[in-house]
Structures are given as structure tokens and as C-alpha cells.
Amino acid sequence: MAASQTSLSDTSVIRRARKPLKARQRESLWFYLIISPWLIGLLLLLAGPMVYSMYLSFTNWDLFSAPEWVGLDNYIRLFTRDRTFGSAIGNTFIYTFLYVPLNIIFSLAIAYLLNKHLPGMRFFRTVIYLPYVVPVVATTMVFRWVFAPDNGLLNGFLGAFGIDGPAWLLNPSWVKFALVIMSLWGVGSSVVFLLAGMQGIPSELYEAAAIDGASERHHFFRITLPMLSPVIFFNMIMSIIASLQTFTQVYILSADPNTPNNAIVMIIPYLFDNAFRFNRMGYASAIAWVLFVIIFVFTLLVIRSSSAWVFYENEMKR
């Protein structure tokens, strides 16, 4: 009798243990069912093409015949015999090292001014953001006129002060500076993030600093900048990635036969030409993976350095 009661109790325990297990299985099934569209898209549209492009980077493929395995020949050619790729790497790095710091400085200065409580500030905030919404193609075409050597708007402005402006898009020494100026026209996105970060800083910090006699300069460097460092960190990462992948402006400007192509060629336009103009998809895939490694290294360096200059409010609370 006692043995039968023991077996019945064990059976009830097993049944109670099975119920949560079945519930967890149902939850897992629903979870994978809900994320299946994203998971299928990830595998078919991102992970799958990435793996296939890695394979193609070791082949010679012209888009029409079967890929021919060539091993490391594409990578060896990139770093030993392809001078255009060397120019593309150099131009991209120069553009990135010019654009990223200037983008951070200009966007931070504009956001600081737009954070003032003055009449009509909403209008100016809208005006600053509008260039970011304008298509890059339209912006590039406008700036081709702005940078025109004879009747361009910029050289006309400099001429009013007795300064003889250069041929911005025709001179190899100035064309990269013209690209940087053109890109800084669209700082509105970075400004929006920084402005939102500034408006999220507790006013009590400024009030306490004012009681201690801190000046506005101390407010900016001792409160605003540290509290904005996570936003600056995000903007820096996104600016580096975007500048290393610059395409539209360079591709449009390169269509002009008078543009010095070797001075303006960059990695993504060169990748595009190899893939779709010269039908060297294997070689273009190798360029893409070299660019992936470059972006990964730059991003990793910024992330590793963030512990020295990025301040998070929850770290102070701990």
C-alpha cells in the first residue's frame, strides 16, 4: 500500500515537471516562429552572400562563366601590383582622417548653438537637418557648381575678399578638401543626436556648477562634453564607417573627364568598377573583404579606446 502511494506521488511529480518543460518548448517554438522572417532574411540576404563572396574572392569570375579557383592571387595582386588600389586606400584614409574630426567638431558646435533657448530656434534646427534629407546625387550636382573654378559660388565669395580660389575639383591637391566640405554639408544627422543628448543632461548639474562659480566654458568642458561622450562615440563610429564607404559623390565626380581620377578614386567606387564595369567579380570580392577588415580594425580601435574617454552616468552611480 505504501509502495503504491509512493509510486503515485512520484508520477504526479513527473507530470508537474513535464508541464513546465512543454511550456518552455512551446515558448521556444513561438520564438523561432516569430523571428523566422528575420532569420531567413539574415541567412539568405546577408550571411549567405557574405560566405559566397568570401569564396569568390579566391576565384576569377567574370559573371558569365564558372568561377575559376585562383587561391590568393587576387589578394597578392591587390597589395603588390595594383597601384590604383593603393591610391584608393590612401585617398580613403586621407578623406576619413579629415572628415571624421571635422564632422564631430562642426556638429558639436552647431548642436551647442541650437541648444540655446532663443526665439525661432525650431526653424534653425529644421534648416540644419534639411541637407541630410536631400539626396546625395542632388547635393553633389549642386556642389559641382559651387566648386566651379570660374563662376562658382565659393570662388566668387573668396574673390570678394581678394582671394584667388583654386580649381577645387580639377586640382589633385584640393579635390579631397572639396569632398570633405561637400560631406560636411550633411552634418544634420549628427547634430540631431548631439542635440538630443544635450537636452537629456540634467539641469541640476549646471545649477550646482553655477553655485560653485563655474563659467560657461567650464560647463561645456566639465559637464556637457563628458555627458555627451557616449553620443560622440556613436557618431564617431558611424562617421568612420560612412567615410570608408563613400561612393556616390566620388562616382558622380569621376564621371567628369576633367576630374583627376587618381586623386579622387576611393575603395567603394573602385570596387564597383571592377565588379560591374570590368566584370571582375572575384577581384571585387577581394577588395570588399579587405575593406571589411579595415572597417573592423578602425572600429575595434575606437571601441578599445572608449574606456579612456567615454563616460557613462551609471558608472558614477555604482
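Could you tell me whether Ala178 is touching a helix residue (DSSP H, G or I) at 6+ places or on another chain (Cβ under 8 Å) and within 23 Å of Val100 (Cβ to Cβ)? When the stated conditions are applied, Ala178 passes them. Could you check segment 39-94 and list, in sequence order, the residues that are among the charged types (D, E, K, R) and either within 13 Å of Ile287 (Cα to Cα) or assigned by TED's automatic domain parsing to the domain that holds Gly282 (or both)? Asp73, Arg77, Arg81, Asp82, Arg83, listed by residue number. Those helices (runs of 4 or more DSSP H) of segment 166-220 in which 3 or more residues are assigned by TED's automatic domain parsing to the domain that holds Asn235 and over 23 Å from Ile104 (Cβ atoms) occupy 203-211.
Condition check ((1) in contact (Cβ under 8 Å) with a residue 60 or more places away in the chain; (2) polar (S, T, N, Q); (3) farther than 30 Å from Val293 by Cβ; (4) not in a helix (DSSP H, G or I)) across all residues:
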site	(1), (2), (3), (4)
Tyr95	yes, no, no, no
Ile104	yes, no, no, no
Ile110	yes, no, yes, no
Arg122	no, no, yes, no
Ile128	yes, no, yes, no
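Can you tell me which residues in segment 45-81 are assigned to a loop (DSSP other than H, G, I, E, B) and touching a residue at least 24 places away in the same chain (Cβ under 8 Å)? Scanning segment 45-81 gives Ser57, Phe58, Trp61, Asp62, Leu63, Phe64, Pro67, Val70.
The values are calculated or read from the model by the stated rules, or taken from the named source; none is laboratory data. As the structure is a computational prediction, the values presented were derived from the model and not from experiment. Here Cβ is always computed from backbone atoms with ideal geometry, including for glycine, and neighbour counts include all displayed protein chains.
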